[in-house]
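Notes follow once the structure below has been shown.
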Amino acid sequence: MSGPSQIVSISNSTASVSVDRHSGAIVDFHLHEGGINPLTFKREESNFQGHFLCLGRWGPPSDGEKAAGIITHGEAVIQIWDRQPSTPKNELRMAATAPLEGLHVDRLLALDKENAVFGVTENVTNINPLGRLFNMVQHPTLGAPFLTNDTVVNCNADKGFNYMLNTNPLEFAAKWPFGIVEDGDRKDCIILSKLDKPYSSVFSFTIKKDAKFGWITAYNPKDNLLIGYLWNREDYPWISLWQDFDERGGIRYRGLEFGTTGMHKSYKEIIEEGNHRVFGEDSYKYIDAGETQSRSYLAFMSETPTDFTEAIDVSFDKKAIIISDTATGKQITIQTTLKANGISK
């Protein structure tokens, strides 16, 4: 499925963002000073790389869908995304069509004119004459050198479950930052914000009910660098954390995923198992024939003070993203001139 990269980039005085037209994935986001790109994840046997869009579905197709040519996470990752004309130098307009899924996506990516913040709005249209079940998940994935076993992940998640135990998610629910895992014949509890045990799986959580925004951050204490995402909770009410370890217990990849579902399964399995809603949130959406749905998010990056510990909160006002530290109570403020591409203020 993989093909040659076709990288397009935009930059300002502080940071640079790059997108591979062959998959539409955001494959690089870095500060000019330091130059560390957290989004180095790449699966050579597929087009899964960096921050890619799961469009139409999150997870595998059913057997019948697979036989018809549908792939895991949807066809958008194997399309060549067209670059559309865009007058401002800080914008990338792109589009792609997934013919078997029957979906078309138009994307606007705008980089702040000065700071390390970019906003994305994606408008998805059902081009088929029939309505369908539908999901849309953002899949940013961290890799080395930013990602180490000491990288700290925080978010405003609430209740969640382990993918390995997702047939009955309510039976094995846990509150963030904990996850229930299998250890032989017994169940154990691990910490997900600071990796305390090598265990490869996906842990899906709903965002706190009273939150206006969803947010997630990853912090590398060695390089004093933080990357994060912020979005309207109503757009993406689920956060999913994928962690993949090597045989020596070292972390290889860490997904900071957020989307419309927390069920990494085919629609057939979700329906047969009766998990239409979990923790009060839908496991899938519906998009009618000819309907267009729009969802947005912001991504940001910042150097951190030497005494920074981890994020306890991320907020957004009219001019800035504000990251609050857990232990010190100090704040990191990232100014932005973006209109947030649909993010409510």
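The values are calculated or read from the model by the stated rules, or taken from the named source; none is laboratory data. As the structure is a prediction and not an experimental result, all values here were calculated from the model. With ideal geometry, Cβ positions are generated from the backbone for all residues, glycine too; neighbour counts draw on all protein chains shown. Only protein heavy atoms, including side chains, enter the accessible area calculation; ligands, DNA and RNA are left aside. Shrake-Rupley method; radii C 1.70, N 1.55, O 1.52, S 1.80 Å.
Descriptive notes on the structure:
- Strands (runs of 3 or more DSSP E) completely within the stretch 150-263 that count 1 or more residues being at pLDDT below 95, of a type in the set (A, V, I, L, M, F, W, C) and surrounded by fewer than 18 Cβ atoms within 10 Å (Cβ to Cβ): 186-191
- First in the stretch 85-99 and within 17 Å of Ile127 (Cα to Cα), second anywhere and open to solvent by 10 Å² or more (accessible area, probe 1.4 Å) and polar (S, T, N, Q), Cβ under 8 Å, 6 or more apart: Ala95/Gln84; Ala96/Gln79; Thr97/Gln79; Ala98/Gln79
- Here Lys268 meets the list (1) in contact (Cβ under 8 Å) with a residue 24 or more places away in the chain; (2) in a strand (DSSP E or B); (3) open to solvent by 20 Å² or more (accessible area, probe 1.4 Å) almost entirely, failing just condition (2).
- When Thr72, Thr97, Thr40 are checked against the criterion of being at pLDDT 95 or above, part of a strand (DSSP E or B) and not hydrophobic (A, V, I, L, M, F, W, C), a single residue qualifies: Thr97.
- Selection status of Gly274, open to solvent by 20 Å² or more (accessible area, probe 1.4 Å), in a loop (DSSP other than H, G, I, E, B) and not β-branched (Val, Ile, Thr): yes
- Out of Glu33, Glu91, one residue alone is under 27 Å from Pro221 (Cα atoms), charged (D, E, K, R) and out of contact with any His (no Cβ under 9 Å at 6 or more places or on another chain). It is Glu33.
- Tally, over the stretch 186-227, of residues that are closer than 20 Å to His139 by Cβ and among the aliphatic types (A, V, I, L, M): 8
- In the stretch 77-88, the condition of being under 19 Å from the mean Cα position of the chain (by Cα), open to solvent by less than 30 Å² (accessible area, probe 1.4 Å) and at pLDDT below 95 is met by no residue.
- For the residues Ala68, Ala95, Ala144, the requirement of being open to solvent by 10 Å² or more (accessible area, probe 1.4 Å) and out of contact with any Leu (no Cβ under 8 Å at 6 or more places or on another chain) singles out Ala144.
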